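Visitor: One structure coming up, written as structure tokens, with questions to follow.
Rule-based calculations on the coordinates, nothing more; no lab input. These numbers come from a predicted model, not from an experiment. Here the Cβ is made from the backbone with ideal geometry for all residues, glycine too, and neighbour counts use every protein chain on show.
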Amino acid sequence: MTKSSDGEGRPGCERYTFSVARISRLILLGTVAAGLAAPQSRQSHEQEPPEEDREIERVPEYTLNPLQADKELTIGKFYFRRGSFKAAARRFEEATKWNPGLAEAYLRLGEAQLKLKDAKAARAAFEKFLELEPDGKNAANVRKRLRSKSELDGRPAAPEVVSAAGGAG
């Protein structure tokens, strides 16, 4: 029962061809209808952002998260080594927000602020470092920096530091 040249043939072939043609028309009509409806939906998206975009705009709520603080500290060190001190300072500040007890973040923040020539912020960060780790391995160096007003404030060292250095030598 093969199809002959005069159009006679399998009885199911004609139904199949008709079904395929009908499905093709429905798909085409659906595509056209979706294309016509798309400009209206684009306008509504431009007017009001989706909910997930509003979530991004929110300021994060900082709770103690040592893992996030360590990530921020590591990224800050990377930026510092690359010479991007502003980005490093932002990461160190984030680390202090995620873990306010992370002394190294305050130490690194102070160093980054010095590079940015913000002596007041550097002094505050160094003082916080000393508050958290008064006997830490870098505490003596930080105390020396805080006494050295020339580095932090652009002024000469205080007379008490000079006399203490003179008495020790």
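Visitor: Please work out the FRET efficiency for the pair R81 and E131, using the Cβ-Cβ distance as r and a Förster radius of 22 Å; give the result to the nearest 0.05.
Guide: Values: r = 27 Å, r/R0 = 1.21.
Computed FRET efficiency for R81 and E131 comes out at 0.25.
Visitor: Between Y62 and K144, how many nm apart are label points set 7 Å from Cα along the C-beta direction?
Guide: 3.0 nm
Visitor: Along its three principal axes, how long is segment 91-130 when you only count alpha carbons? Whole Å, largest extent first please.
Guide: Principal extents (Cα only, largest first): 25, 20, 12 Å.
Visitor: To continue, here is another question. If each residue of separation counts as 0.36 nm, what is the full-extension length gain between D70 and F18 once their alpha-carbon separation is subtracted?
Guide: 12.1 nm
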